[in-house]
Amino acid sequence: MESWDLIIIGAGAAGLAAGIYGARSGLKTLVLEGKMAGGTTVDAPLVENYPGFQSISGVELAQKMAVHCRSTGVTIREFEKVLSLDLKGEKKIVKTNKTTYEAKAVIIASGSHYREVGVPGEKEFRGRGVSYCGICDGPLFKDKRVIVVGGGNSAIMTTLYMAELASEAKIAHRREAFRAEEALVRALEAKKNVEVLWNTEVKEIRGEKLVNKVIIFNKKTGETKELLVDGVFVQIGEAPNSQLAKEAGVEVDEDGYIIVDIRQRTSTAGVYAAGDVTNHPVKQVGTAVGQGITAALEAYGYIRRPYYYKQ
Ligand SMILES: Cc1cc2nc3c(=O)[nH]c(=O)nc-3n(C[C@H](O)[C@H](O)[C@H](O)COP(=O)(O)OP(=O)(O)OC[C@H]3O[C@@H](n4cnc5c(N)ncnc54)[C@H](O)[C@@H]3O)c2cc1C
């Protein structure tokens, strides 16, 4: 079995920052990534709030982070998905789709995924009219009819964005009021080409090769009807990729986010978490980087026990 000082799960902003600090601390560091290195940052067309880069595409920023990480001596293995974890003992066992590793410490930086509405047709038409990222897929729906599902900030931002591109933009919210920043709600109200469907649930997504309609249900009137649309943007939040950690006994909060303390320690000794998978209230590139750094330096302290390290 291959043996490492530190194994990091996920090569997004948090995992890559952790990798840099792990390797530069002298730890033999492995990053395991189920897809390509870069994480969710690649979904951002432009990042304009990460210090040092006034405006940079998410893809370019993510690539720069991966190149930087590798240059410090970190091994990044892409398309190697972690399937299970055994974290209880002193040796942490990490099983992937390719092999099994052991490590002295583990950092979980596995990010989050978009929540699904869970209706018939959603999985079938994913990528064929069903999208979870307005900024990524919006241009595909230029001059088409779209419906956004949700009532929070991201749903409103997506609707505002789509109102500029689509021929018709609707937003279906299952309640009677939005749960979003007031400035966004005001901006939405000012849009003439947006229709808000209150108390409305999307019950089914239909189509042939591509989406062509949704079935909606009004909870207040009890009315069910068909709506012709080309695109459905599901914007009902994210859920953490914490299932493996949870199964391995790491404590998570009621929404499944890994509970960490200010030093990124989880409930299991030698196991740290960083970035969007944690219960940290802010989910941004900058915060993910900061948490990744802290997690790696804590893992270093745990493994090497320098004189200044406090348990
Ligand atoms: C459309 C969009 C725009 C955004 N714009 C901005 C912005 O402008 N500025 C900003 O600061 N933030 C922005 N964000 C948020 C930012 O992208 C995230 O907060 C940040 O990328 C989180 O980094 P992370 O490392 O925690 O997780 P991620 O970047 O999601 O990385 C997690 C990685 O773990 C991998 N992984 C998961 N499970 C496993 C497994 N079992 N085995 C192996 N690998 C696994 C995933 O494949 C993924 O690569 C945006 C997000 C989106 C979706």
- prompt: Got at least one residue in segment 129-136 being in contact with a Ser or Thr (Cβ under 7 Å, 6 or more places away or on another chain), of a type outside the set (Phe, Trp, Tyr), crowded, with 16+ Cβ neighbours inside 10 Å and at pLDDT below 95?
  reply: yes
field: segment 271-302: number of residues that are within 12 Å of the ligand (Cβ to nearest atom), more than 17 Å from residue 69 (Cα to Cα) and buried (at least 24 other Cβ atoms within 10 Å of the Cβ)
entry: 4
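Do we find a residue being more than 21 Å from the chain's Cα centre (by Cα), open to solvent by 10 Å² or more (accessible area, probe 1.4 Å) and away from the ligand (no atom under 16 Å from the Cβ) anywhere in segment 99-108?
For segment 99-108, residues more than 21 Å from the chain's Cα centre (by Cα), open to solvent by 10 Å² or more (accessible area, probe 1.4 Å) and away from the ligand (no atom under 16 Å from the Cβ): present.
Listed here are the residues, each with its yes/no results for (1) among the small types (Gly, Ala, Ser); (2) near the ligand (Cβ under 8 Å from one of its atoms); (3) at pLDDT below 95.
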residue	(1), (2), (3)
16	no, yes, no
25	yes, no, no
40	no, yes, yes
44	yes, yes, yes
message: Could you go through segment 238-245 and let me know if any residue there is touching a helix residue (DSSP H, G or I) at 6+ places or on another chain (Cβ under 8 Å), modelled with pLDDT under 95 and within 15 Å of the ligand (Cβ to nearest atom).
response: yes
message: I need a count of the residues in segment 105-154 that are among the polar types (S, T, N, Q) and touching a strand residue (DSSP E or B) at 6+ places or on another chain (Cβ under 6 Å).
response: 3
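Of 273, 269, 248, which residue is closer than 22 Å to residue 30 by Cα, of a type in the set (A, V, I, L, M, F, W, C) and without any contact (Cβ under 8 Å) to a residue 40 or more places away in the chain? Explain how you work it out, then say what you get.
Values: 273 fails: without any contact (Cβ under 8 Å) to a residue 40 or more places away in the chain; 248 fails: without any contact (Cβ under 8 Å) to a residue 40 or more places away in the chain.
Criteria check complete, one pass: 269.
Take residue 219 and decide whether it is basic (Lys, Arg), in contact (Cβ under 8 Å) with a residue 12 or more places away in the chain and crowded, with 17+ Cβ neighbours inside 10 Å. Steps first, answer last, please.
Working: basic (Lys, Arg): yes; in contact (Cβ under 8 Å) with a residue 12 or more places away in the chain: yes; crowded, with 17+ Cβ neighbours inside 10 Å: no.
When the stated conditions are applied, residue 219 does not pass them.
Take residue 64 and tell me if it is of a type outside the set (Ser, Thr, Tyr), in contact with a Lys or Arg (Cβ under 9 Å, 6 or more places away or on another chain) and free of Cβ contacts under 8 Å to residues at least 60 places away in the same chain. Even if it seems obvious, please write down each step before you answer.
On the way: of a type outside the set (Ser, Thr, Tyr): yes; in contact with a Lys or Arg (Cβ under 9 Å, 6 or more places away or on another chain): no; free of Cβ contacts under 8 Å to residues at least 60 places away in the same chain: yes.
The answer is no for residue 64.
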task: Look through 61, 32, 87 and report the one residue that is within 8 Å of the ligand (Cβ to nearest atom), modelled with pLDDT of 95 or more and of a type in the set (A, V, I, L, M).
output: 32
- prompt: Before we move on, is residue 167 open to solvent by less than 70 Å² (accessible area, probe 1.4 Å) and away from the ligand (no atom under 15 Å from the Cβ)?
  reply: yes
field: Hits in segment 19-38 (condition: part of a helix (DSSP H, G or I) and open to solvent by 30 Å² or more (accessible area, probe 1.4 Å))
entry: 21, 24
message: Which residue is farthest from residue 282 (Cα to Cα), if the candidates are limited to segment 41-82 and must be within 18 Å of the chain's Cα centre (by Cα) and assigned to a strand (DSSP E or B)?
response: 82
- request: List every residue pair whose Cβ atoms lie under 8 Å apart, where the two residues are 6 or more positions apart in sequence or sit on different chains, the first residue falls within segment 109-123 and is without any contact (Cβ under 8 Å) to a residue 24 or more places away in the chain, and the second residue, located anywhere, is within 16 Å of the ligand (Cβ to nearest atom).
  value: 123/116
field: In segment 245-270, the residues that are open to solvent by 40 Å² or more (accessible area, probe 1.4 Å), of a type in the set (A, V, I, L, M, F, W, C) and over 20 Å from residue 90 (Cβ atoms)
entry: 259, 262
message: Can you confirm whether residue 110 is in contact with a Gly (Cβ under 6 Å, 6 or more places away or on another chain) and over 14 Å from residue 296 (Cβ atoms)?
response: yes
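The values are calculated or read from the model by the stated rules, or taken from the named source; none is laboratory data. As the structure is a prediction and not an experimental result, all values here were calculated from the model. Please note: Cβ atoms are built from the backbone with ideal geometry, for glycine as well, and neighbour counts cover all protein chains shown. All accessible areas refer to the heavy atoms of the entire protein, side chains included, with ligands and DNA or RNA removed. Shrake-Rupley method; radii C 1.70, N 1.55, O 1.52, S 1.80 Å.
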